[in-house]
Amino acid sequence: LEELHPFRNHPFKVKDDAAMQDTVDSVREYGVLVPAIARPDPDGGYELIAGHRRHHASELAGKETMPVIVRDLDDDAATIIMVDSNLQREELLPSERAFAYKMKLEAIRHQGKRQELTSSQVGMKLQALDIVGQQAGDSRNQVHRFIRLTELIPELLDMVDERKIAFNPAVELSYLKKEEQTLLLEAMDSEQA
């Protein structure tokens with residue numbers, strides 16, 4: 001376990017909640033049933049791509065090892081696998097989905113070749129936003145709206161995650177400059193709104 005390091009800029013939170021305790025209990029009783037995925041880290045050890053929750057649960061369960069599949073992956077492929085393996089979880093925060101979509105979109109765009117895919121059904125080129133949306137079960141517009149949330153200042157984004165600000169107003173607030181968002185936050189605080 002000590003050889004495994006978290007994925008750089010991992011957008012998903014690993015929380016010590018009831019679900020984690022269930023995972024810890026399962027790992028303690030049965031071990032890790034599904035191997036994590038990692039890649040060699042040039043600085044030593046391995047970078048976890050998928051399996052951050054299993055890794056944390058293994059540590060909490062007092063384990064020293066867990067099964068891991070090691071693959072040589074470039075940054076783009078690793079990012080896509082990391083995002084796809086986590087988007088399947090049911091309880092994702094809006095901020096987690098937002099940064100995951102953004103990272104995957106950037107990876108697909110960086111790969112370049114993926115943007116040139118052609119859909120034979122409609123005879124048009126699929127754009128990166130379409131690919132991210134199709135694979136996640138969202139429309140390209142919804143993917144874009146989630147990515148807009150990454151433009152919020154951290155305090156406002158936390159309020160979205162805590163459901164103090166609804167999704168649609170949050171998307172609109174993301175178009176404000178950072179200074180304007182800070183002023184809005186101060187006004188909300190002073191008005192206790």
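Rg and Dmax of segment 140-193, based on Cα coordinates, read 10.9, 37 Å. Placing +1 on the Cβ of every Lys and Arg and -1 on the Cβ of every Asp and Glu, with nothing else charged, gives the chain a dipole about its Cα centre of roughly 840 debye. Computed with a 1.4 Å probe over protein heavy atoms only, the accessible surface of the chain comes to 59 Å² per residue. Simple point charges give the picture: +1 on the Cβ of Lys and Arg, -1 on the Cβ of Asp and Glu, and for segment 11-57 a dipole about the Cα centre of about 100 debye. Here each label is just a point 7 Å from Cα along the line to Cβ, and for HIS5 and THR182 those points are 3.2 nm apart. To put it simply, the accessible area of the chain at a 1.4 Å probe is 49 percent carbon and sulfur. Once the Cβ-Cβ distance between ALA166 and LEU92 is put in as r, and R0 is 25 Å, what FRET efficiency do you end up with, to the nearest 0.05? For R0 = 25 Å, the calculated efficiency reads 0.90. Summary of packing: across the peptides 48-58, 33-43, 13-23, 140-150, the per-residue average of other C-beta atoms within 10 Å ranks them, highest first, as 48-58, 140-150, 33-43, 13-23.
Could you rank the peptides 91-101, 164-174 by their average count of other C-beta atoms within 10 Å per residue, with the highest value first?
Details: 91-101: 20.3, 164-174: 15.1.
With the highest mean Cβ count within 10 Å placed first, the list reads 91-101, 164-174.
Ranking LEU173, LEU157, VAL14 by how far each Cα lies toward the positive end of the dipole of the chain (charges on Cβ) leaves LEU173 at the top. Once the gyration tensor of the Cα atoms in segment 61-101 is diagonalised, the equivalent ellipsoid follows with semi-axes of 23, 18, 8 Å, ordered largest first.
Taking each residue as 0.36 nm, the span from GLN192 to ARG140 lengthens on full extension beyond its C-alpha to C-alpha distance by 15.2 nm.
Electrostatic tally near ARG39: other residues with Cβ closer than 10 Å to its Cβ, Lys and Arg +1, Asp and Glu -1, net -4.
Taking the charge dipole of segment 54-116 about its Cα centre, with +1 at Lys and Arg Cβ atoms and -1 at Asp and Glu Cβ atoms, the residue from VAL83, ILE69, HIS56 reaching farthest to the positive side is VAL83. Over the alpha-carbon set of segment 1-73, divide Rg by the Kirkwood Rh and report the Rg/Rh ratio to two decimals. Checking Rg against Rh, the ratio lands at 0.96. Beta-bridge orientation, the chain: approximately 55 percent antiparallel, per DSSP, counting only bridges with both partners inside.
If you look at the Cα atoms of the chain, you get an Rg and a Dmax of 19.1, 56 Å.
Report the local net charge at LEU60: Lys and Arg +1, Asp and Glu -1, summed over other residues whose C-beta lies under 15 Å from its C-beta. For residues surrounding LEU60, the net value is -3.
The values are calculated or read from the model by the stated rules, or taken from the named source; none is laboratory data. Here the structure is a predicted model, which is why all the values come from computation and not from measurement. So basically every Cβ, Gly included, is an ideal-geometry build from the backbone, and we count neighbours across all protein chains shown. Side chains are part of the model used for accessible areas, which takes the heavy atoms of the whole protein and leaves out ligands, DNA and RNA. Shrake-Rupley method; radii C 1.70, N 1.55, O 1.52, S 1.80 Å.
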